[in-house]
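Single-structure report; data block below.
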Amino acid sequence: IYAASAIKLMKRYPLLISIQGFVHQSAPKPNLIANFIRHNRIRIEFKINKSAKYFASGTEEINKYLRIINPKAKIYWSMYPTTNSIFSAENTIKKYDIVFYARITKEKGVEDLLSAIKMLKKNRPFISALIIGGGNTSYSDYIRSLIRSSNLGENIFFAGFLASQQDVFKLAAQARVYV
């Protein structure tokens with residue numbers, strides 16, 4: 001919803017709208033208030049995407065959608081700046097089955113990961129997952145409490161925020177699969 005300020009600003013200034021995804025593609029929410037907020041976010045998102053002139057996008061799917069609702073959009077290719085790893089993951093010992101690294105938010109799917117690990121644990125009691133990422137402290141604490149209450153404390157290792165991409169690469173390389 002904070003993006004709503006762009007509507008007035010784009011009439012006065014050339015703005016570059018960075019798109020990482022679309023709210024309308026998210027799942028409906030479980031309650032009336034959350035769905036009302038989602039509906040408003042979709043409305044604002046559509047208005048911005050239809051009216052803005054300049055966009056930064058990282059996928060062809062985003063570009064195709066933008067061209068449908070805004071044929072005059074000027075789209076620039078944008079990728080998250082990453083650096084090449086300075087080590088080889090090829091000979092890294094695999095301590096974890098799964099690694100998740102992202103900002104720790106519900107939208108990134110960390111709660112879905114916990115549900116999946118809980119299901120997988122029934123047939124693979126020693127499955128292991130590594131969670132790397134920072135975020136809101138109270139939400140991270142909530143995720144830790146979910147791990148404990150789901151009896152996944154022995155299966156999920158929470159590394160938290162790491163200072164550099166190289167630190168993330170080095171730790172993530174210890175997993176067999178990235179989700």
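Laboratory data are not the source of any read-out in this text; all were calculated from the coordinates shown. This one's a predicted model, so the numbers in the text were calculated from it and none came from an experiment. So basically every Cβ, Gly included, is an ideal-geometry build from the backbone, and we count neighbours across all protein chains shown.
Of note:
- When the alpha carbon gyration tensor of the stretch 1-143 is reduced to an equivalent ellipsoid, its three semi-axes come out at 35, 22, 14 angstrom, largest first.
- Residues whose placed amide H lies under 5 Å from that of D97, excluding near-sequence neighbours: S128, A129, R176
- Degrees between helix 110-121 axis and first principal axis of the chain (Cα, 0 to 90, nearest 10): 30 degrees
- Too-long pairs where the Cα-Cα distance tops 31 Å, listed order kept, from K53/K108; K47/K118; K74/K108; K64/K118; K64/K121; K74/K170: K47/K118; K64/K118; K64/K121; K74/K170
- Note on the chain: antiparallel DSSP beta bridges, both residues inside, total approximately 0 percent of the bridges counted.
- Dipole of the chain [Lys/Arg +1, Asp/Glu -1 at C-beta], most positive-end residue of I132, L66, Y13: Y13
- Burial order of peptide ranges 71-78, 49-56 (average beta-carbon count within 10 Å, highest first): 49-56, 71-78
- Residue range of the chain that is longest and free of GluC sites (Glu not before Pro) which are both DSSP loop and sparsely packed (at most 15 other C-beta within 10 Å): 1-89
- C-alpha long axis of helix 137-149 to longest principal axis of the chain, angle in °: 40 degrees
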